[in-house]
Structures are given as structure tokens and as C-alpha cells.
Amino acid sequence: MKKLISIILTLVMLVPAVSLADLPDISDLSYDELVQLKDKINLAIWSSEEWQEVEVPAGTYQIGVDIPAGHWTLRVAAKHDSFNVFYFDVLDEFGKSVGYGSKLLSNQIATADFSPFGAIPITEIDIDMKDGWYLYLGGSTLFTTYAGKPDLGFKKGE
């Protein structure tokens, strides 16, 4: 079984997936084998040349100038912290925050251990950032290359 997983992992890393028909059939793998394969694929993604993790300090940044455009996952960098993140298209007159009439995406992100009033915090967000837009970070933020939606663990219907 380890050989099969190694072969699949090698194929995933070496052969670009042109279509789903080109992927190996994994339908006969057990649940535990699939979890092992998923973990190995995540490790391969994280060690690929395209993977990045960058810490960006609090401030206002222009996408395409300060931060590369693209799909990013954002998390709080410090322990036991929480702050706002704004993604918007128009700067205010001071060039520091959201301008009047701006399109806006607003989220508060926090570390998992930050739980005021017993609320469950949002620990990460993903944003597909476009050139020319702006990003306000209320605190030091870890940017990582977006690697797809998290697996929520629900069983898939047949």
C-alpha cells in the first residue's frame, strides 16, 4: 500500500493534471489510506516551489504593488490576538483606510485561543486579491498560498 501511495504522490507532483480522467483511481483505498494520502499530498503542496508563507505587519497595502495579486489565506501571526481585515477598492482621502463608496470585504480574525464572551473565532480567511485593490491589516498577519477549501469532514452523498 505504501508503494501505491508513493506512486500516486509522485504522479501528483510530476504530472500536471490536465483533466480528472488522468488522475489515478483511488476508489479502492480505505478511509485511513485516503487520510494518509491527503496528508502526503498536503506535505507535497507545502514543500512545492509555489508555496509561500509570509508575515506582513499591520498597515494598509496595495495589491499588485506591496502584496502580489492572487488567492491567499490569512491568519493572525501573534498568539492570543484578534483584529480586523478590510479588503477594498477605494482609499480614503488620507490614503490609509476604506474610502467613501468603496466595495468592501470585512472580517475579524483571531487565534484559536482568543475567545471573548465564549465566541468561536474565525481563525483564517481566504481572499482572491486583485491588482489595484487595497488591504488593511489591523495586526501582524501570516499570508500563505491558498491550497483549496478545507475539508469539513461531511460524508459525501452518492
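A short reminder: the numbers here are calculations on the coordinates, not readings from a lab. Because the structure is predicted, anything quoted here is derived from the model rather than measured. Here the Cβ positions follow ideal geometry from the backbone for every residue, glycine too, while neighbour counts run over all protein chains shown.
Going by average Cβ neighbours within 10 Å, how do the peptides 24-30, 84-90 rank, with the highest at the top?
84-90, 24-30
Note down the net charge around Ile67, summing +1 for each Lys or Arg and -1 for each Asp or Glu among other residues with Cβ under 13 Å from its Cβ.
My count for the surroundings of Ile67 gives -3.
Quick one: if the Förster radius is 30 Å, what FRET efficiency do Asp28 and Phe154 give, using the C-beta to C-beta distance and rounding to 0.05?
The calculated FRET efficiency here is 0.85.
Compute the FRET efficiency between Ala147 and Ser102 as 1/(1 + (r/R0)^6), taking r as their Cβ-Cβ distance and R0 = 22 Å, and round to the nearest 0.05.
0.15
Taking a threshold of 28 Å on the Cα-Cα distance, which of the pairs Lys103/Lys149; Lys79/Lys103; Lys40/Lys149; Lys79/Lys156 fall above it?
Lys79/Lys103; Lys79/Lys156
Give me the base-10 log of I(q)/I(0) for the stretch 53-145 at each q in 0.15, 0.16, 0.18, 0.24 Å⁻¹, Debye formula, one uniform scatterer per Cα, rounded to two decimals.
-0.54, -0.62, -0.77, -1.23
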